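Below you'll find the structure, written out as structure tokens, and then a few comments.
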Amino acid sequence: MPDPSKNSQDGFPDNSVITGASSGIGRAIAIEMARRGAKRLLIHYCSNQTGAEQTAAAVKNLGAEALLCQADLSTSDDRKHLVETAFSELFTIDAWVNNAGVDVLTGDAASFGFEEKLQRLVAVDLLGTISLSRLVVDHWLSQADCKAMSSMIFIGWDQATRGMEGEAGEMFGPVKAAVMAYAKNLAQSVAPKIRVNTVAPGWIRTAWGSEVGGYWDRRAKQQSLMGRWGTPEDVAKAVVFLSSRESSFVTGQVIEVNGGWNRRYEREDGG
Ligand SMILES: NC(=O)c1ccc[n+]([C@@H]2O[C@H](COP(=O)([O-])OP(=O)(O)OC[C@H]3O[C@@H](n4cnc5c(N)ncnc54)[C@H](OP(=O)(O)O)[C@@H]3O)[C@@H](O)[C@H]2O)c1
């Protein structure tokens, strides 16, 4: 069993859990954590076992131990299974990253109607994430040796509170805004033992971003002051900062990783 009093020398978390780490941003977070010297990482996935194994292989190549756990976060039994597995396998968990989220923009789900997409987002990204994080916090607070500060990080969306036109904005906006609000409230409940922060990505080139060209490609670049799409690695670096003791005086915050919002952006359709 790992020694609970042992932490990496530079304050970087030894043991972390990343939900939704079988692809995209979650995978980049796991890899960045391993690159920074993490010792043991729990790679959570839902249906993409091959992707999770690829993440685990990349993490192991960087010298960290990788554990896999499958769980559908829309079901209560699976959430309990994930939390129990994480705490029994890792024992001490320094950072927990709530990254998992339903992809309703690509694949089969892209053809669903608005309500079905919204229901899935609510079930996984919102209710699943909130219920899961409550279980994690209960475990953390019940651990007799909960002396060290733990860090929980949520993934929001930069346009959730800013507002974006169209169905994507009307679906992701309320769901991610609620996640970000929950994180702020949770931070008030669990300080000073647990720090809670949100990373709110902007236009990040993952599955959907890789498929689009034309208007959306131009828009993603022009809405960022940096003039480019964000990468999963850009997001991962902010998550890693919030998970480490370098950010020990940071809680209840939202860090937007969007290259800076370009106020001079003008929509091509004049909207
Ligand atoms: N990409 C962007 O531009 C962007 C912008 C703002 C916020 N975000 C947020 O960032 C997070 C990661 O996004 P991404 O672009 O990296 O997406 P992604 O590549 O589709 O990854 C999503 C992850 O969530 C998992 N997941 C999906 N449904 C699940 C369920 N029912 N139960 C448990 N896990 C489930 C997936 O697991 P399986 O594949 O194994 O099923 C996958 O590991 C999401 O919360 C997303 O909303 C993304």
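The values are calculated or read from the model by the stated rules, or taken from the named source; none is laboratory data. Since we're looking at a predicted model, the values are computed, not measured. Every residue, glycine as well, gets a Cβ built from its backbone with ideal geometry; the counts of neighbours run over all protein chains shown.
Count of region 202-228 residues, restricted to those that are assigned to a helix (DSSP H, G or I), within 13 Å of the ligand (Cβ to nearest atom) and in contact (Cβ under 8 Å) with a residue 40 or more places away in the chain, is 4. Against the numbered list (1) surrounded by 14 or more Cβ atoms within 10 Å (Cβ to Cβ); (2) within 28 Å of Arg36 (Cβ to Cβ), Ser88 comes up short only at (1).
Listed by first and then second residue, the pairs with beta-carbon distance under 9 Å, at least 6 apart or on different chains, first residue in region 40-51 and aromatic (Phe, Trp, Tyr), second assigned to a strand (DSSP E or B) and more than 6 Å from the ligand (Cβ to nearest atom), are Tyr45/Leu68; Tyr45/Cys69; Tyr45/Gln70. Determine if region 134-154 includes at least one residue that is touching a strand residue (DSSP E or B) at 6+ places or on another chain (Cβ under 7 Å) and in a loop (DSSP other than H, G, I, E, B). Within region 134-154, one or more residues are touching a strand residue (DSSP E or B) at 6+ places or on another chain (Cβ under 7 Å) and in a loop (DSSP other than H, G, I, E, B). Within region 233-252, the residues that satisfy the criterion of being assigned to a helix (DSSP H, G or I) and not charged (D, E, K, R) are Val235, Ala236, Ala238, Val239, Val240, Phe241, Leu242, Ser243, Ser247. Among the residues of region 109-143, those identified as in contact (Cβ under 8 Å) with a residue 12 or more places away in the chain and loosely packed, with under 14 Cβ neighbours inside 10 Å are Phe114, Leu141. The combined condition, being assigned to a helix (DSSP H, G or I), within 15 Å of the ligand (Cβ to nearest atom) and not aromatic (Phe, Trp, Tyr), is not fulfilled by Lys184. Here Ser74, Ser47 are screened, and the one residue that is of a type in the set (Ser, Thr, Tyr), touching a helix residue (DSSP H, G or I) at 6+ places or on another chain (Cβ under 9 Å), assigned to a loop (DSSP other than H, G, I, E, B) and within 12 Å of the ligand (Cβ to nearest atom) is Ser74.
Mind checking whether some residue in region 101-117 is within 15 Å of the ligand (Cβ to nearest atom), within 25 Å of Glu246 (Cβ to Cβ) and either touching a Pro at 6+ places or on another chain (Cβ under 8 Å) or in a helix (DSSP H, G or I) (or both)?
Here is the first cut: in region 101-117, the residues within 15 Å of the ligand (Cβ to nearest atom) are 101-110, 112, 116-117.
After this cut, where a residue has to be within 25 Å of Glu246 (Cβ to Cβ) as well, the list is none.
For region 101-117, residues within 15 Å of the ligand (Cβ to nearest atom), within 25 Å of Glu246 (Cβ to Cβ) and either touching a Pro at 6+ places or on another chain (Cβ under 8 Å) or in a helix (DSSP H, G or I) (or both): absent.
Given the options Ser133, Ser142, Ser151, name the one that is under 16 Å from Asn99 (Cβ atoms) and away from the ligand (no atom under 15 Å from the Cβ). Break it down stepwise before answering.
Values: Ser133 fails: away from the ligand (no atom under 15 Å from the Cβ); Ser142 fails: under 16 Å from Asn99 (Cβ atoms).
Criteria check complete, one pass: Ser151.
Does Arg195 satisfy the condition of being modelled with pLDDT of 95 or more and either closer than 17 Å to Ile18 by Cβ or among the aromatic types (Phe, Trp, Tyr) (or both)? Criteria met by Arg195.
For region 239-255, indicate whether the set of residues that are β-branched (Val, Ile, Thr), free of Cβ contacts under 8 Å to residues at least 60 places away in the same chain and crowded, with 16+ Cβ neighbours inside 10 Å is non-empty.
Kept after step one, since they are β-branched (Val, Ile, Thr), are these residues of region 239-255: 239-240, 250-251, 254-255.
Adding the requirement that they be free of Cβ contacts under 8 Å to residues at least 60 places away in the same chain leaves 250, 255.
Narrowing the set further to residues that are crowded, with 16+ Cβ neighbours inside 10 Å leaves 255.
Checked against the condition, which is being β-branched (Val, Ile, Thr), free of Cβ contacts under 8 Å to residues at least 60 places away in the same chain and crowded, with 16+ Cβ neighbours inside 10 Å, region 239-255 yields at least one hit.
Looking at the structure I just gave you, is Thr85 at pLDDT 95 or above, under 22 Å from Phe172 (Cβ atoms) and touching a strand residue (DSSP E or B) at 6+ places or on another chain (Cβ under 8 Å)?
Values: at pLDDT 95 or above: yes; under 22 Å from Phe172 (Cβ atoms): no; touching a strand residue (DSSP E or B) at 6+ places or on another chain (Cβ under 8 Å): yes.
No; evaluated as a whole, the condition is false for this residue.
Total residues in region 68-105 satisfying the condition of being farther than 21 Å from Leu126 by Cα and in contact with a Ser or Thr (Cβ under 8 Å, 6 or more places away or on another chain): the figure is 2.
Given the condition under 24 Å from Trp157 (Cα atoms) and within 14 Å of the ligand (Cβ to nearest atom), answer yes or no: does some residue in region 78-88 qualify?
Within region 78-88, the subset under 24 Å from Trp157 (Cα atoms) is 79.
Checking which are within 14 Å of the ligand (Cβ to nearest atom) leaves us with 79.
Looking for residues that are under 24 Å from Trp157 (Cα atoms) and within 14 Å of the ligand (Cβ to nearest atom), one finds at least one in region 78-88, hence yes.
Note on region 72-83: residues that are over 15 Å from the mean Cα position of the chain (by Cα) and either hydrophobic (A, V, I, L, M, F, W, C) or within 24 Å of Leu242 (Cα to Cα) (or both) total 3.
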